[in-house]
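For reference, the structure discussed in these notes is given below.
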Amino acid sequence: MAFQKLVNMNSDQKNGLEMILREISDNGGKASMMELINDAIAIFINLYADAAVEKYSPLYKTLGSDEE
């Protein structure tokens, strides 16, 4: 099942993705902006989930400040 969600990007993020798309095209490949975004989400979930929980959870922030 696919979900649609509006993704807000700043101009640097958009330019970075367009640069990647150009390089892929220059190397004879083909990808869409959505494919790159989906790959980025998968990488984030697989590699940075714990860091995101720590960064955005008040409990972790509270516990972290006690350890300092």
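The values are calculated or read from the model by the stated rules, or taken from the named source; none is laboratory data. These numbers were taken from a predicted model, which means no experiment stands behind them. Virtual Cβ from ideal backbone geometry, glycine too; neighbours counted across all protein chains shown. Note: accessible area is taken over every heavy atom of the protein model, side chains too, but ligands, DNA and RNA are not part of it. Shrake-Rupley method; radii C 1.70, N 1.55, O 1.52, S 1.80 Å.
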Item to complete: Kindly indicate whether LEU36 is within 13 Å of the chain's Cα centre (by Cα), modelled with pLDDT of 95 or more, under 23 Å from PHE3 (Cα atoms) and open to solvent by 100 Å² or more (accessible area, probe 1.4 Å).
Response: no
Worksheet entry | Selection count where residues are among the hydroxyl-bearing types (Ser, Thr, Tyr) and either surrounded by 12 or more Cβ atoms within 10 Å (Cβ to Cβ) or outside any helix (DSSP H, G or I) (or both), scope region 1-33 | 1
Worksheet entry | Residue check for PHE3: of a type outside the set (D, E, K, R) and at pLDDT 95 or above | no
